[in-house]
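A quick write-up on the structure given underneath.
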Amino acid sequence: MLRNTAAIAQKNTTLLKILGSTRSISNQPTIGRFTGKTNSSGTYTVPFIEGDGVGPEISKSVKDIFSAANVPIQWQPCDVGPIFVNGLTTIPEPAVKAIKESLVALKGPLATPVGKGHRSLNLTLRKTFDLFANVRPAKSVPNYKSTYENVDLVLIRENTEGEYSGIEHIVTPGVVQSIKLITREASEKVIRYAYEYAIAVGRPRLIVVHKSTIQRLGDGLFVQIANELQSEYPSIKLETQILDNTVLNVVSNPTLYKDAVSVCPNLYGDILSDLNSGLSAGSLGLTPSANIGDKVSIFEAVHGSAPDIAGQNKANPTALLLSSVMMLNHMGLEEHASRIENAVLSTIASGPESRTGDLGGSATTSSFTECVIKKL
Ligand code: NAI
């Protein structure tokens, strides 16, 4: 139990000063706010999709740490699938019901078969719950040196359409058409959220990353909507940047984006956010994300199922842990969030013997987890 909340909060504040600010925010945008309630015993029920490959190993780490930290959450195992209705990939009804009731879920990585089999379950989940914004912060870890230092980037990716609409057909043998769908409705939702997020985290610049020089209508509409909404958010300075410029700028000097939030259509966001992860940490094993919807939000690591290291006790659970920290902040459990975040970061900061292999260390998933628990 948290015996002395004030003392722990004080200790966390001190640790935060040492380790830098949180990756996630305790100040939440008004859009997509969590409205879930605890049950009669004061705990929240949260569906947990453990996922494929390294998913069960990193999920166990989260469960062990949450249990040691006495977080008031009861995990509900959640199987997403897949089932087919009229030839379309869908999420099983019990999973949909559980997530709709809890309004929040934590998710491990889900593998997607290449070129055959079911449609991406990640896409299906985003569509099923209209998770329109994917928030991906990428921040350097204190006392862990990667190629770049002091990286602190936040990218918000449109999450439901664009190049991921899944509308493709063969026009004639050898000619395939893939449709990039941009709608006013989805663009407005994600751009509004990005403005609100920038205000919530105190970053005065919103950068719309686009390629409207080529995709004149699609990206043109995205940029136009950002311009239209600007008058509603006068404290935020809107900038537009062509994707290639952003890529060059970000690898040349990531600190140019320290006071900004970037927002972009789906595919650009997918690629740029992996670049950001590489710049901040040199590993996908550290980057968390939040999929925000109007009612439901799902939190997940940016990385995939890492089949090359699955079942070997080698995976770094940090990205899923930091995603769970974002989830706790979203749910208003900020004290638990900062306590776990600090324990994770100070474990990585302790040195190579407590880091997993992707960070050049010798720790296993389970020894890393034990170390985090000791630091709670
Ligand atoms: P991946 O992210 O699984 O792996 C890329 C590289 O990063 C591998 O070398 C892997 O070992 C390493 N890595 C990833 N996570 C790590 C961790 N926690 N600790 C240490 N090293 C880690 O990407 P890949 O191989 O392209 O995809 C594998 C599968 O995952 C595919 O089926 C793909 O569709 C799926 N995927 C799922 C995602 C999701 O559920 N959100 C996101 C990305 C991919």
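The values are calculated or read from the model by the stated rules, or taken from the named source; none is laboratory data. Since the model is a prediction, treat every value here as computed from it, not as a measurement. Neighbour counts are summed over all protein chains in view; Cβ atoms, including those assigned to glycine, are modelled from backbone coordinates with ideal geometry.
Tell me which residues, restricted to segment 348-373, are within 14 Å of the ligand (Cβ to nearest atom), crowded, with 17+ Cβ neighbours inside 10 Å and of a type in the set (Val, Ile, Thr).
ILE348, THR356, THR365, THR369
Can you name the residue in segment 295-320 that is more than 9 Å from the ligand (Cβ to nearest atom) and within 15 Å of the chain's Cα centre (by Cα) and is also nearest to GLU353 (Cα to Cα) among such residues?
PHE299
Consider only pairs whose beta carbons are under 9 Å apart and that are at least six residues apart or on different chains; among these, list those whose first residue lies in segment 226-239 and is under 15 Å from VAL209 (Cβ atoms) and whose second residue is modelled with pLDDT under 95 and exposed (fewer than 13 other Cβ atoms within 10 Å of the Cβ).
none
Name the residue, out of SER273, SER324, that is in a helix (DSSP H, G or I) and modelled with pLDDT under 95.
Details: SER324 fails: modelled with pLDDT under 95.
Matching residue, one of SER273, SER324: SER273.
Return the residues of segment 253-270 that are among the charged types (D, E, K, R) and in a helix (DSSP H, G or I); say none if nothing qualifies.
Matches in segment 253-270: ASP270 only.
Find the residue count for segment 228-249, including only residues that are in contact with a strand residue (DSSP E or B) (Cβ under 7 Å, 6 or more places away or on another chain) and in a helix (DSSP H, G or I).
Looking only at that region, the number is 3.
List the strands (runs of 3 or more DSSP E) that sit entirely inside segment 129-225 and contain at least 3 residues that are among the aromatic types (Phe, Trp, Tyr), in contact (Cβ under 8 Å) with a residue 12 or more places away in the chain and out of contact with any Leu (no Cβ under 6 Å at 6 or more places or on another chain).
Passing ranges: none, list empty.
Answer yes or no as to whether ILE182 is surrounded by 12 or more Cβ atoms within 10 Å (Cβ to Cβ) and out of contact with any strand residue (DSSP E or B) (no Cβ under 9 Å at 6 or more places or on another chain).
For ILE182, the condition - surrounded by 12 or more Cβ atoms within 10 Å (Cβ to Cβ) and out of contact with any strand residue (DSSP E or B) (no Cβ under 9 Å at 6 or more places or on another chain) - is not met.
In segment 76-119, what residues are buried (at least 20 other Cβ atoms within 10 Å of the Cβ), within 14 Å of the ligand (Cβ to nearest atom) and not in a loop (DSSP other than H, G, I, E, B)?
Scanning segment 76-119 gives ALA105, LEU106, LYS107.
If HIS169 satisfies every condition in (1) of a type outside the set (A, V, I, L, M, F, W, C); (2) more than 19 Å from ILE182 (Cα to Cα); (3) more than 16 Å from the ligand (Cβ to nearest atom) but one, which is the exception?
The single condition HIS169 does not satisfy is (2).
Condition check ((1) surrounded by fewer than 16 Cβ atoms within 10 Å (Cβ to Cβ); (2) of a type in the set (A, V, I, L, M, F, W, C); (3) within 23 Å of the chain's Cα centre (by Cα)) across all residues:
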{"residue": "VAL141", "(1), (2), (3)": "no, yes, yes"}
{"residue": "ASP152", "(1), (2), (3)": "no, no, yes"}
{"residue": "GLU158", "(1), (2), (3)": "no, no, yes"}
{"residue": "GLU168", "(1), (2), (3)": "yes, no, no"}
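Would you say MET326 is buried (at least 21 other Cβ atoms within 10 Å of the Cβ), more than 15 Å from VAL62 (Cα to Cα), of a type in the set (A, V, I, L, M, F, W, C) and away from the ligand (no atom under 12 Å from the Cβ)?
Numbers: buried (at least 21 other Cβ atoms within 10 Å of the Cβ): yes; more than 15 Å from VAL62 (Cα to Cα): no; of a type in the set (A, V, I, L, M, F, W, C): yes; away from the ligand (no atom under 12 Å from the Cβ): yes.
No.
In segment 276-294, which residue that is of a type in the set (Gly, Ala, Ser) and in a strand (DSSP E or B) is farthest from the ligand (Cβ to nearest atom)?
The selected residue is ALA290.
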